[in-house]
Amino acid sequence: MFRRIDGGDNGTAGALSFDGQAIPFRAGDTVAAALLAAGVADVRDNPVDGSRRAPYCMMGVCFECLVEIDGRQNQQACLVAAKPGMRIRRQAGARLLPEGAL
Ligand code: FES
């Protein structure tokens, strides 16, 4: 669905994982850019109707890219720089509130 503008393989800066799948990324990629370039079609489930959602605006406005990053839920994948070894998980439903938040 998505492809890089330069079309070629300019090497990778490392790999992260998305639900256990290795995802290579380039220097300067955000988590969302790396996932889309790797062909990941959706990253979370809508907590209201269960529909699958994917990064949309890529600039921190729409919140469609929420994922769990290294155990922290509700992270905007389009605003987080990809780093080697990151463990990304699909965010399913509503996030949990931190203990003592209520
Ligand atoms: S893609 Fe819109 S906030 Fe991340």
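The values are calculated or read from the model by the stated rules, or taken from the named source; none is laboratory data. If you're wondering where the values come from, they're calculated on a predicted model, not measured in any experiment. As a convention, Cβ positions derive from the backbone with ideal geometry for all residues, glycine included, and neighbour counts pool all protein chains shown. Side chains included, ligands, DNA and RNA excluded: accessible areas come from the protein's heavy atoms. Shrake-Rupley method; radii C 1.70, N 1.55, O 1.52, S 1.80 Å.
Structural remarks
- The trypsin sites (Lys or Arg not before Pro) of the stretch 1-59 meeting both criteria, a DSSP state outside H, G, I, E and B (loop) and at most 15 other C-beta atoms within 10 angstrom of the site's C-beta, are Arg3, Arg4.
- Computed over the chain, relative contact order equals 29 percent, with contacts defined as Cα pairs under 8 Å that lie 6+ residues apart.
- Low-density loop cleavage sites - GluC sites (Glu not before Pro) in the stretch 62-102, where at most 10 other Cβ are within 10 Å (DSSP): Glu99
- Label-to-label distance, Leu102 versus Gln21, with points set 7 angstrom from Cα along the beta-carbon direction: 3.5 nm.
- Cα gyration tensor shape for the stretch 14-92, rounded if a/c is under 1.5, else prolate or oblate: prolate
- The chymotrypsin sites (Phe, Trp or Tyr not before Pro) found in the stretch 1-72 include none that occupy coil by DSSP while having at most 10 further C-beta atoms within 10 Å.
- In the chain, the DSSP-assigned H stretches of four residues or longer account for a calculated mean residue ellipticity at 222 nm of -1500 deg cm²/dmol, using -39500 (n - 2.57) per stretch and the full residue count as denominator.
- Accessible solvent surface per residue of the chain, calculated while the other protein chains remain in place, 1.4 angstrom probe, Å²: 63
- Cα gyration tensor shape for the stretch 50-102, rounded if a/c is under 1.5, else prolate or oblate: oblate
- For the chain, a simple Cβ point-charge model (Lys and Arg +1, Asp and Glu -1, everything else neutral) yields a dipole of about 80 debye relative to the Cα centre.
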